[in-house]
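Note sheet for the following structure.
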Amino acid sequence: MIGVIISDELNINEDIRASQVRLIGPNGEQVGVIATTVALNLAREASLDLVEVAPNSKPPVAKLIDYGKYKYNEKLKQREARRNQSTAEIKEIRFRLKIDDHDFDVKKGHVERFLKGGDKVKVTIMLRGREISRPIGGVPLLERLADEVADLGSIESRPRQDGRNIIMVLTPKGKKVHTQSEQRRRGDQSRAERQARQAARLAAKNGAPAEQRENAAKNKTSKEETNIKEGSDAKE
C-alpha cells in the first residue's frame, strides 16, 4: 500500500496529461499501470475522481477518491486543529541572586500565574560583580523555584549560566485553551452585569418605580447568565 499526500495543485480527472498512470484504488489497493482513459472510466463508474497524487513519478501515480469529500474533511481537520492549538507565550521573570524570601514569594506568585495561564516562563537570575565568576547558589535557587511550582509546570530548559545571567525555562502542564475559555466566560458574565446596570438606569430615567427597576435588572441578569451558560456548554 502506498501512502499519498494530496496537495492543492494536483491534476484531477481530464486535467491529467499522462497517457498512463499507476493506479491506486479507493481503499489503497494497487491496481497497476493502466491507460489514463481506462482509469478515468473506472473513476466514473465508481462515482469518484481520478487524482494525480505523484505527478513526477514515471508513470505518474493516480488515486481514485471522492475529491470533494476529501477537501471538506481536510477543512474540518484544519479548523479543529486551529481551535485546539495552544497559543502559549513566553513570559519572563527576573531577579537578583541575593533575593529575600518575601521577594522570592512575590516572584513565585507571578510564575504561578503565568503557568496557570498556559504560558511558558523564562526565569532569569541577573548576576553582577563577582557573582558572574562565582554564581554560588544560583542554580539551587532556580531549582527550588521549579520544585515549588511543580504542580503547575515542569522544567523545559534546566538552569544554565549565559554570560551575566542564569536562565531556566518552565513549561505549563495545563493547556492555554482552557484559560481562554474561562476568560471568555468571565467576559460574558461581566458584559451581562453591565447590560443589567444599563437596563436599571434606563428604567430609572423613565420614572419606573424602584421595585420595577430592581425586577428589570434581575430579569435581564438572569437572562444573560442563562445565555452565557448555554453558550459555554456549547463551546465545551
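Does at least one position in region 42-59 carry a residue that is assigned to a helix (DSSP H, G or I), hydrophobic (A, V, I, L, M, F, W, C), touching a residue at least 24 places away in the same chain (Cβ under 8 Å) and surrounded by 10 or more Cβ atoms within 10 Å (Cβ to Cβ)? Yes, because at least one residue in region 42-59 is assigned to a helix (DSSP H, G or I), hydrophobic (A, V, I, L, M, F, W, C), touching a residue at least 24 places away in the same chain (Cβ under 8 Å) and surrounded by 10 or more Cβ atoms within 10 Å (Cβ to Cβ). Considering each residue of region 27-34 in turn, none proves to be out of contact with any helix residue (DSSP H, G or I) (no Cβ under 7 Å at 6 or more places or on another chain) and part of a helix (DSSP H, G or I). In region 88-145, of all residues being part of a helix (DSSP H, G or I) and among the basic types (Lys, Arg), the one that is nearest to the chain's Cα centre (by Cα) corresponds to LYS116. Does VAL139 qualify as being assigned by TED's automatic domain parsing to the domain that holds LYS98, touching an Asp or Glu at 6+ places or on another chain (Cβ under 8 Å) and of a type outside the set (Gly, Ala, Ser)? Criteria not met by VAL139. Specify the residue that is surrounded by the fewest Cβ atoms within 10 Å (Cβ to Cβ); the eligible residues are those in region 112-129 that are under 10 Å from LYS91 (Cα atoms) and not acidic (Asp, Glu). The qualifying residue surrounded by the fewest Cβ atoms within 10 Å (Cβ to Cβ) is LYS122. Scanning region 8-50 for residues that are β-branched (Val, Ile, Thr) and either more than 16 Å from ASP66 (Cβ to Cβ) or at pLDDT below 90 (or both) returns ILE12, ILE16, VAL21, VAL31, VAL33, ILE34, THR36, THR37, VAL38.
The values are calculated or read from the model by the stated rules, or taken from the named source; none is laboratory data. What you see is a predicted model, and the numbers here were worked out from it, not measured in a lab. Note: ideal-geometry Cβ built from the backbone for every residue, glycine included; neighbour counts use all protein chains shown.
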